[in-house]
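Working notes, structure below.
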Amino acid sequence: LRLLPRQRYLRAERAESSALERKRNVLCCLITRILKAEKQLHIDNLVFRVIDACQKGELGPGLQFLSFCCHSVDVLSCVLHLLNQGYLRREEERPHVLEY
């Protein structure tokens, strides 16, 4: 049994971490762009539109070539991140509706 040097693992972890961060940034930008246009949107509709845009590669200017797989968990994680940052908000009476 021969182990690879530790540095290769570190490089792989950094590359994977960087790819996940880029994916999160793209998803956050896409969520923001959709909500800017719609002003309000039910969270289920938002998740569907983001996943659909990712599958079709319709991510916005300069990103048309980029198409990647995203799941509802990815989108919901980004929604929570944007809520915590204060970019999105929910109404108390209708917490399932998001506003930009």
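The values are calculated or read from the model by the stated rules, or taken from the named source; none is laboratory data. Keep in mind that this is a model prediction, so the values were computed, not measured. Using ideal geometry, Cβ is built from the backbone for each residue, glycine included, and neighbour counts are taken over all protein chains shown. Remember, those area values only see protein heavy atoms, side chains included, never the ligands or the DNA or RNA. Shrake-Rupley method; radii C 1.70, N 1.55, O 1.52, S 1.80 Å.
Summing +1 for each Lys or Arg and -1 for each Asp or Glu among the other residues whose beta-carbon sits under 14 angstrom from that of residue 46 gives +2.
Taking the accessible area of region 23-99, probe 1.4 Å, and keeping the other protein chains in place, the carbon and sulfur fraction comes to 52%.
Each part gets one Cα centre, and for region 74-100 versus region 37-58 those centres are 13 Å apart.
Other residues lying with their Cβ under 12 Å from the Cβ of residue 81 contribute a combined charge of -1, Lys and Arg counting +1, Asp and Glu -1. Using a Förster distance of 22 Å, how high is the FRET efficiency between residue 84 and residue 48, based on the Cβ-Cβ distance and rounded to 0.05? So, using R0 = 22 Å, E works out to roughly 0.45.
Rounded to 0.05, the FRET efficiency of the residue 93 and residue 36 pair, given R0 = 22 Å and the Cβ-Cβ distance, is 0.45. Which lysines have a Cα less than 22 Å from the Cα of residue 23, not counting those fewer than 8 places away in the same chain? Candidates past the 8-residue exclusion: 36, 56.
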